[in-house]
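A.B. asks: Take this structure, written in structure tokens, and hold onto it; I'll ask about it next.
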């Protein structure tokens, strides 16, 4: 059940030309919320804030919390099924989303085209660049000439066409409708030309994952070799263009998935269930923990509280695997690792398929899953709740054609996308519908209230959040600050009550404005020393016009004297949350403090002293002291670190000789040495001697001895123990053997290794008669040789062996690259030896291949036969081995059948040659429609064979100028060519009509129809007929031209695509207008207002908008004034091209209960409805459909 605010102190926003805010008597019959409504109130929940559609399905997305940009990919137009790169954010007027499309320059002058985004995965995007990868490398698109948020919905509609109340300015561009309906309206696509660069390229490997870290402008990426054997993590620094390898390994085809943490240069990664972090400070990897699930990870997210790791049965983790539901169908699971103690739990709150983790304003946390989102509204533990992304709101959605699924974030809200038939408000008897890929956006209402206030932002108030969700606003010296809520938001009403009561605060909420664009509520905050605080209720949307969408948020404003958390209080101690040690990190302490206090504590609030380390004789301390400047905490707490106890089992003893004289002394010294932590922390020999029990069993010839070391009962410095084998007196010491002249490979068998060891032993110990066997030796293959990198095999004596002792390593020489694995996916006659060298040196482990390392031959291909590239390693190459033959495809054939015919949108089309057709035109066609990616304008030329005429087509000969790329099966005099028909040039319509045309006013009454499509068609006919009269040229064939609407003021008369007579377009202008005097009968009763308010224009406007809100008038297009002589209201168009012309006088009456105007009795005006419908149609590229707002509760009078 929705809670509505009825208190007299509430304020409501009314929509008008100046969007004036006025005090309105909301309900004189009630001064508080009913007990029933209060009981049903949910303090923490999400608001259904927006319905977005972009004319395409969002295939993947990345949200940047710092800039508010959503970078995503989707298909292009209906005629173009390519994937494109987009980015979106809330536009500057708050009226809807932007939609920028990434374009790059072509070879043609001043021509651009969108990036083909097929098979690419986005991993980062902000206000200046977007980063993405495919298997061949990593690319970056730099948005060059972006106009950012200064565009969006075309014209001034903003999606609100009057009478909305409660929703101010352009916000309705997102809402798109009332009566609880959110109608999706696609924004205008804005091409943005930029530069695409590829800083990282790999060869014979595939990029599997990548992350961008703004802390050091680095890209860290993982790759897997083409045989799915070894993986490598590499970090690339953009500024100095250098790279370093962070980690590598082999895990049966599994590969690392990466993550970075905000404000840190460390890199987290997960592979084969092992969760690790590469510490930038130490340049080393640390193992954090093991997961029980060792399957392929598909995503890793790190925040201040811990890590989320998704795993599945899918070996593909690309954006395509998410989009086509490969991962969703592969039994995905999610695991959570607590930062405080590294404990691992399998997530049970979500659906198992995690898609993202996002913090907003460092207090609201969204954990997004495919079908639901877990929201932690603030640090209060009871502020968590679930958003069901699959929920069907019957008021908004008629039918889901696909199940809703997570599609990303928009303006700090969570999006769930579905192919749906959505509802549009129409008459009471019937609602119209539309169908689109709709992204429904959900925002936490507490966070949305903060975002509408001056608590956040660059000049936000000084405040903090308490452990139970309290808001403490601090004084600036002695000055009491003003809390404000912007009217340019979804807020409809505001109410301030005494703490935990329904009693309104006298003058607690006051309307104010600095100008018409900056209107706001001012809200009192409690005195710093007050006993109790205030409860601020904020209502979003209006219960009369949007009853199914109303939602109310609560902000608990409390006196700041009660704000600080006492760190000295036992209940706020972290000792039971975190087992302290000398290795405890500051981030772990902050996470534990946040957990126990229920308030997000940062290093701005406390100073953590970790200098008092524990040693073997005394305990240490962690001192946590509140900073004087902190608004959150006070006092301090001290956590004891228990004194150190050394575990004897951790000592790795040096091998014992079988003729050792003093075993005990060596053992004690080894324990002392291994107990050393730094120059100040180390056990003494006396401590070890006093607290250990050592028993020795001496070795004999043919029999091992042993040493048993244990900590004594009651030992305070030592624990544990272990048993050590002493080799038999006649055992061979492996460490004394010399293997320098021996050669092993990664594939050497255990038998081959044992035979080699026996051979060496025999050559260096000729008296030995007994050979070692499999059970005598342990063989470790942890460091295999790689291309360009030596490896080694470790051999160790088995503890049970009496024949050998100790260990040794045997080198494996670096591998040569096997050329049979070399691939050239784009083999052509243009490939030369220099290019082969470049590509070979991209292979991991190579880098120094040169001309002397291989022989290169190319047998060129032609239009009739394939060619062959042969690459053969030279005998003296230290980098390469073997050889490979690579097929070169046939060259492009100009005589290919139906070369200039193609299919588009299931329609057969033909490329038509005209006299003015250029080489660039032909090249673009062959590249885009025929896939001839390698052809350039240097490869062909056009020769006119026969000039066309009006009565007869001519001939153009297309001749190959580079047979290495393109030829023809038609040959004459060693010239390969094809001839095509050519037509006389079409006339550019702008050369016939040389000046832009202005048809002026278009009367709405001439536009017929009752659907969007029919209205557009009718409007175009009206514009075309008016244009014909204006042009007055009887020779023009208008059947080969069409009207293209730009916005509500501009159009083009453009040549049809298949026109044989015309090309180009004529620019035209017009404006829609309707005589306001046609409303005379609708306003016959005038407006009613209190006598004392008759001279107050703002209050007169408020009465007008409220009492006639069901008249579909766009008040913003009207100039409203008071007539001097009569005091009546005057309505007239506010400028020449306003939607309204003429003038209308509205009588102003004194208010009384007997003659008060009832808004429900005012008839809807049909022509007004058509006008607004037409406006929506005109803005089809920007808003597509606008709802017709009907507030009449009794009946639809049409």
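The values are calculated or read from the model by the stated rules, or taken from the named source; none is laboratory data. Just so we're clear, the structure is a prediction, and the values are computed from it rather than from any experiment. Here Cβ is always computed from backbone atoms with ideal geometry, including for glycine, and neighbour counts include all displayed protein chains.
A.B. asks: Going through region 277-303 one residue at a time, which ones are in a strand (DSSP E or B) and surrounded by 19 or more Cβ atoms within 10 Å (Cβ to Cβ)? Outline the logic, then answer.
C.D. replies: Start the filter on region 277-303 by keeping residues that are in a strand (DSSP E or B), which leaves 277-279, 284-290, 296-302.
Within region 277-303, 277, 278, 296, 297, 298, 299, 300, 301, 302 meet the criteria.
A.B. asks: Separate question: Could you look through region 897-919, keep only residues that are surrounded by 11 or more Cβ atoms within 10 Å (Cβ to Cβ) and under 37 Å from the mean Cα position of the chain (by Cα), and pick out the one that is modelled with the highest pLDDT? Even if it seems obvious, please write down each step before you answer.
C.D. replies: To start, the set of residues in region 897-919 that are surrounded by 11 or more Cβ atoms within 10 Å (Cβ to Cβ) comprises 899-902, 904, 909, 911-919.
Imposing the further condition that a residue be under 37 Å from the mean Cα position of the chain (by Cα) reduces the set to 902, 904.
Details: 902: 91, 904: 80.
Once the filter is applied, the top-ranked residue is 902.
A.B. asks: Could you tell me whether residue 224 is more than 24 Å from residue 126 (Cβ to Cβ), touching a residue at least 40 places away in the same chain (Cβ under 8 Å) and either in contact with a strand residue (DSSP E or B) (Cβ under 9 Å, 6 or more places away or on another chain) or in a loop (DSSP other than H, G, I, E, B) (or both)?
C.D. replies: On the way: more than 24 Å from residue 126 (Cβ to Cβ): yes; touching a residue at least 40 places away in the same chain (Cβ under 8 Å): no; either in contact with a strand residue (DSSP E or B) (Cβ under 9 Å, 6 or more places away or on another chain) or in a loop (DSSP other than H, G, I, E, B) (or both): yes.
In short, no.
A.B. asks: Which of the following residues is at pLDDT 90 or above and farther than 30 Å from residue 846 by Cβ: 702, 791, 721?
C.D. replies: Values: 702 fails: at pLDDT 90 or above; 791 fails: farther than 30 Å from residue 846 by Cβ.
Result of the check over 702, 791, 721: 721.
A.B. asks: State whether the residues of region 1093-1101 include one that is assigned by TED's automatic domain parsing to the domain that holds residue 1145, crowded, with 16+ Cβ neighbours inside 10 Å and part of a strand (DSSP E or B).
C.D. replies: Here is the first cut: in region 1093-1101, the ones assigned by TED's automatic domain parsing to the domain that holds residue 1145 are 1093-1101.
Right, trim to crowded, with 16+ Cβ neighbours inside 10 Å and you get 1093-1094, 1098-1101.
Cutting the leftovers down to part of a strand (DSSP E or B) gives us none.
Scanning region 1093-1101, I find no residue that is assigned by TED's automatic domain parsing to the domain that holds residue 1145, crowded, with 16+ Cβ neighbours inside 10 Å and part of a strand (DSSP E or B), so the answer is no.
A.B. asks: A further question on this structure: Of the residues that make up region 644-663, is at least one surrounded by fewer than 17 Cβ atoms within 10 Å (Cβ to Cβ), closer than 30 Å to residue 338 by Cα and modelled with pLDDT under 90?
C.D. replies: yes
A.B. asks: Can I ask one more? Considering only residues that are surrounded by fewer than 17 Cβ atoms within 10 Å (Cβ to Cβ), in contact with a strand residue (DSSP E or B) (Cβ under 9 Å, 6 or more places away or on another chain) and outside any strand (DSSP E or B), look in region 108-144 and name the one that is modelled with the lowest pLDDT.
C.D. replies: 111
A.B. asks: Mind listing just one residue for me: the one in region 933-954 that is closer than 15 Å to residue 919 by Cα and surrounded by 13 or more Cβ atoms within 10 Å (Cβ to Cβ) and, of those, nearest to the chain's Cα centre (by Cα)?
C.D. replies: The extreme case among them is 934.
A.B. asks: Being farther than 30 Å from residue 1018 by Cα, over 44 Å from the mean Cα position of the chain (by Cα) and modelled with pLDDT of 85 or more, is that true of even one residue in region 1063-1084? Please lay out each step first, then the result.
C.D. replies: Step one: of region 1063-1084, the residues farther than 30 Å from residue 1018 by Cα are 1084.
Imposing the further condition that a residue be over 44 Å from the mean Cα position of the chain (by Cα) reduces the set to 1084.
Going one step further and asking which of them are modelled with pLDDT of 85 or more, we end up with 1084.
Yes, region 1063-1084 contains a residue that is farther than 30 Å from residue 1018 by Cα, over 44 Å from the mean Cα position of the chain (by Cα) and modelled with pLDDT of 85 or more.
A.B. asks: Mind listing whichever residues of region 911-938 are part of a loop (DSSP other than H, G, I, E, B) and within 14 Å of residue 107 (Cα to Cα)?
C.D. replies: Within region 911-938, 918, 933, 934, 935, 936, 937, 938 qualify.
A.B. asks: Quick check on residue 553: is it in contact with a helix residue (DSSP H, G or I) (Cβ under 8 Å, 6 or more places away or on another chain) and not in a loop (DSSP other than H, G, I, E, B)?
C.D. replies: On the way: in contact with a helix residue (DSSP H, G or I) (Cβ under 8 Å, 6 or more places away or on another chain): yes; not in a loop (DSSP other than H, G, I, E, B): yes.
Yes; evaluated as a whole, the condition is true for this residue.
A.B. asks: Can you pull out every residue in region 1035-1070 that is surrounded by fewer than 18 Cβ atoms within 10 Å (Cβ to Cβ) and farther than 30 Å from residue 911 by Cα?
C.D. replies: 1047, 1049, 1050, 1069
A.B. asks: Right, next: So, in region 723-738, how many residues would count as being under 57 Å from the mean Cα position of the chain (by Cα) and surrounded by 15 or more Cβ atoms within 10 Å (Cβ to Cβ)?
C.D. replies: Of the residues in that region, 2 qualify.
A.B. asks: Looking at 67, 104, 88, can you tell me which residue is buried (at least 24 other Cβ atoms within 10 Å of the Cβ) and at pLDDT 90 or above?
C.D. replies: Details: 67 fails: buried (at least 24 other Cβ atoms within 10 Å of the Cβ); 104 fails: buried (at least 24 other Cβ atoms within 10 Å of the Cβ).
Exactly one of 67, 104, 88 is buried (at least 24 other Cβ atoms within 10 Å of the Cβ) and at pLDDT 90 or above, namely 88.
A.B. asks: Also, quick follow-up: For region 1028-1053, what are the residues that are touching a residue at least 40 places away in the same chain (Cβ under 8 Å) and either within 14 Å of residue 995 (Cα to Cα) or in the same structural domain as residue 915 (by TED's automatic domain parsing) (or both)?
C.D. replies: Correct list: 1033, 1053.
A.B. asks: Also, quick follow-up: Listed residues 493, 513, 423; which is within 28 Å of residue 391 (Cα to Cα), in contact (Cβ under 8 Å) with a residue 12 or more places away in the chain, over 31 Å from the mean Cα position of the chain (by Cα) and assigned to a strand (DSSP E or B)?
C.D. replies: Details: 513 fails: within 28 Å of residue 391 (Cα to Cα); 423 fails: over 31 Å from the mean Cα position of the chain (by Cα).
Answer to the selection: 493.
A.B. asks: Give 375, 367 a once-over and let me know the one that is out of contact with any helix residue (DSSP H, G or I) (no Cβ under 9 Å at 6 or more places or on another chain) and surrounded by 22 or more Cβ atoms within 10 Å (Cβ to Cβ). It would help to see each step written out before you state the result.
C.D. replies: Working: 375 fails: out of contact with any helix residue (DSSP H, G or I) (no Cβ under 9 Å at 6 or more places or on another chain).
Of 375, 367, the one residue that is out of contact with any helix residue (DSSP H, G or I) (no Cβ under 9 Å at 6 or more places or on another chain) and surrounded by 22 or more Cβ atoms within 10 Å (Cβ to Cβ) is 367.
A.B. asks: What is the residue count in region 401-417 for residues that are part of a strand (DSSP E or B) and modelled with pLDDT under 95?
C.D. replies: So the first thing to find is which residues in region 401-417 are part of a strand (DSSP E or B), and the list is 405-410, 413-417.
Still in the list and also modelled with pLDDT under 95: 410, 413.
Residues flagged as part of a strand (DSSP E or B) and modelled with pLDDT under 95 within region 401-417 amount to 2.
A.B. asks: Going by what's in this entry, would residue 986 be described as under 30 Å from residue 1052 (Cβ atoms), in contact with a strand residue (DSSP E or B) (Cβ under 7 Å, 6 or more places away or on another chain), surrounded by 15 or more Cβ atoms within 10 Å (Cβ to Cβ) and touching a residue at least 40 places away in the same chain (Cβ under 8 Å)? First the steps, then the outcome.
C.D. replies: Values: under 30 Å from residue 1052 (Cβ atoms): yes; in contact with a strand residue (DSSP E or B) (Cβ under 7 Å, 6 or more places away or on another chain): yes; surrounded by 15 or more Cβ atoms within 10 Å (Cβ to Cβ): yes; touching a residue at least 40 places away in the same chain (Cβ under 8 Å): yes.
When the stated conditions are applied, residue 986 passes them.
A.B. asks: Do the conditions hold for residue 279, that is, is it in contact (Cβ under 8 Å) with a residue 12 or more places away in the chain, outside the structural domain of residue 589 (by TED's automatic domain parsing) and in contact with a helix residue (DSSP H, G or I) (Cβ under 7 Å, 6 or more places away or on another chain)? Walk me through it before giving the result.
C.D. replies: Details: in contact (Cβ under 8 Å) with a residue 12 or more places away in the chain: yes; outside the structural domain of residue 589 (by TED's automatic domain parsing): yes; in contact with a helix residue (DSSP H, G or I) (Cβ under 7 Å, 6 or more places away or on another chain): no.
When the stated conditions are applied, residue 279 does not pass them.
A.B. asks: Something else about it: Residues being assigned to a strand (DSSP E or B) and over 16 Å from residue 361 (Cα atoms): count how many of those fall in region 443-469.
C.D. replies: Quick first cut of region 443-469, residues assigned to a strand (DSSP E or B) only: 443-444, 453, 463-465.
Subsequent filtering for residues that are over 16 Å from residue 361 (Cα atoms) retains none.
Looking only at that region, the number is 0.
A.B. asks: How many residues does region 1028-1085 contain that are in a loop (DSSP other than H, G, I, E, B) and over 30 Å from residue 1129 (Cα atoms)?
C.D. replies: Quick first cut of region 1028-1085, residues in a loop (DSSP other than H, G, I, E, B) only: 1032-1037, 1046-1049, 1056-1061, 1064, 1080-1085.
Then keep just the ones that are over 30 Å from residue 1129 (Cα atoms); that gives 1032-1037, 1046-1047, 1056-1061, 1064.
The total comes to 15.
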